[in-house]
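Please read the structure below before turning to the comments.
Here, each number is a calculation from the coordinates, and none is a lab measurement. Here the structure is a predicted model, which means the values were calculated and not measured.
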Amino acid sequence: MVRATVAQGASFTVNGSGYEPGQEIHISLGIDRTDSFVMDEQTAVADAAGNFGLTITIAADLLPGAYGILTYVADEGLGGPELEATKRFAGIDVVAS
């Protein structure tokens, strides 16, 4: 799993590839290894090459610690193992600014 370090109040970009052109990718930021999210879910759309990028700004008052990024595709009719197969994870260590 990829890990990055980001300071409170700083921005970083989540990039992905291997998607179908036009596919909508859902992106969430939460406390590492929990189902507690600290950011409203965001979406990005894959370009003609199947790539996406989304810039996220860490809240200046987000407590330092370990967080995780979850991306997944929620196409209509996609569920169970197919949905699970689209999930990708990355770790974010938030440090004091």
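Let me check against my output: what whole-number percent is the relative contact order of segment 2-95, with C-alpha pairs under 8 Å and at least 6 apart?
Once normalised by length, the contact order is 39 percent.
If you consider only alpha-carbon coordinates, what radius of gyration and Dmax does the chain have, in Å?
Here Rg and the maximum Cα pair distance are 13.7, 43 Å.
What residues qualify as long-range amide H neighbours of residue 38, i.e. H under 5 Å apart, gap of 5 or more or another chain, H built at 1.01 Å from N?
So residue 38 has HN proximity to 29, 30, 31.
What does the C-alpha gyration tensor say about the overall shape of segment 46-97? Classify as rounded when a/c is under 1.5, otherwise prolate if a/b is larger than b/c, or oblate.
Numbers: a/c = 3.19, a/b = 1.89, b/c = 1.69.
Verdict is prolate for segment 46-97.
Taking H as built 1.01 Å from N, whose amide H comes closer than 5 Å to the amide H of residue 74, not counting residues under 5 places away?
Under 5 Å from the amide H of residue 74: 26.
Could you calculate the contour length gain from residue 38 to residue 82, that is, 0.36 nm times the residue separation minus the distance between their Cα atoms, to one decimal place in nm? The partial results should precede the final answer.
On the way: separation 44, 0.36 × 44 = 15.84 nm, distance 2.59 nm.
Computed gain between residue 38 and residue 82 is 13.2 nm.
Residue by residue through segment 49-65, which ³J(HN,Hα) values in whole Hz follow from phi under the Karplus form 6.51 cos²θ - 1.76 cosθ + 1.60 (θ = phi - 60°), with glycine and proline marked x?
Result, rounded to whole Hz: 8, x, 9, 9, x, 9, 8, 10, 9, 6, 4, 4, 9, 5, 4, x, x.
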